[in-house]
1. Kindly evaluate Q100 against the criterion of being loosely packed, with under 10 Cβ neighbours inside 10 Å and either in a helix (DSSP H, G or I) or of a type outside the set (K, R) (or both).
2. Based on this model, can you work out whether R46 counts as in contact (Cβ under 8 Å) with a residue 12 or more places away in the chain and within 20 Å of the chain's Cα centre (by Cα)?
3. Would you mention how many residues in segment 24-74 are open to solvent by 90 Å² or more (accessible area, probe 1.4 Å) and in a helix (DSSP H, G or I)?
4. Which one of these does E12 not meet: (1) assigned to a helix (DSSP H, G or I); (2) open to solvent by 60 Å² or more (accessible area, probe 1.4 Å)?
5. Does Q84 satisfy the condition of being more than 21 Å from N5 (Cβ to Cβ), open to solvent by 60 Å² or more (accessible area, probe 1.4 Å), over 17 Å from the mean Cα position of the chain (by Cα) and of a type outside the set (D, E)?
6. I'm told E21 meets every condition in (1) within 28 Å of V4 (Cα to Cα); (2) surrounded by fewer than 10 Cβ atoms within 10 Å (Cβ to Cβ) except one. Can you identify the failing condition by its number?
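The values are calculated or read from the model by the stated rules, or taken from the named source; none is laboratory data. Please read these numbers as outputs of a predicted model, since none were measured by experiment. Note that each Cβ is placed from the backbone with ideal geometry, even for glycine, and that neighbours are counted across all protein chains shown. The accessibility values were calculated without ligands, DNA or RNA, using every heavy atom of the protein model including side chains. Shrake-Rupley method; radii C 1.70, N 1.55, O 1.52, S 1.80 Å.
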Amino acid sequence: MRKVNVSIAGQEYTMVAEESEDYVRRCAGHVDSQVQEIIRSASLSRADAGILAAMNIADQYFREQQTSENLRRQVKDSVEEAAQLKNELSEARREIFKLQNKKA
């Protein structure tokens, strides 16, 4: 575990994480930019801006999860279709071989 000091909306926080310092700073930077954007666009307290930023980040997370799931489903369908086409190709090759041998 490592401790990383970060600043979010002008407030200093000490984060304890297993991830790298760079990763923790990137996360904090993302949260900070979300909170700062909300504070600039609406006259809200840091706490309220933090809640709205958390909701925005949660929304982004769930949308990305759905996108990821859709992509996984598409890949699975494509793999299944490729396997089916491979089977059909093998069957067609067998039929061609049989037809060629009947002619001979």
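1. Considered against the rule, which asks whether it is loosely packed, with under 10 Cβ neighbours inside 10 Å and either in a helix (DSSP H, G or I) or of a type outside the set (K, R) (or both), Q100 comes out as yes.
2. Spelling it out, it is not the case that R46 is in contact (Cβ under 8 Å) with a residue 12 or more places away in the chain and within 20 Å of the chain's Cα centre (by Cα).
3. Qualifying residue count for the region: 17.
4. (1)
5. Spelling it out, Q84 is indeed more than 21 Å from N5 (Cβ to Cβ), open to solvent by 60 Å² or more (accessible area, probe 1.4 Å), over 17 Å from the mean Cα position of the chain (by Cα) and of a type outside the set (D, E).
6. Unmet for E21, out of (1) within 28 Å of V4 (Cα to Cα); (2) surrounded by fewer than 10 Cβ atoms within 10 Å (Cβ to Cβ): (2).
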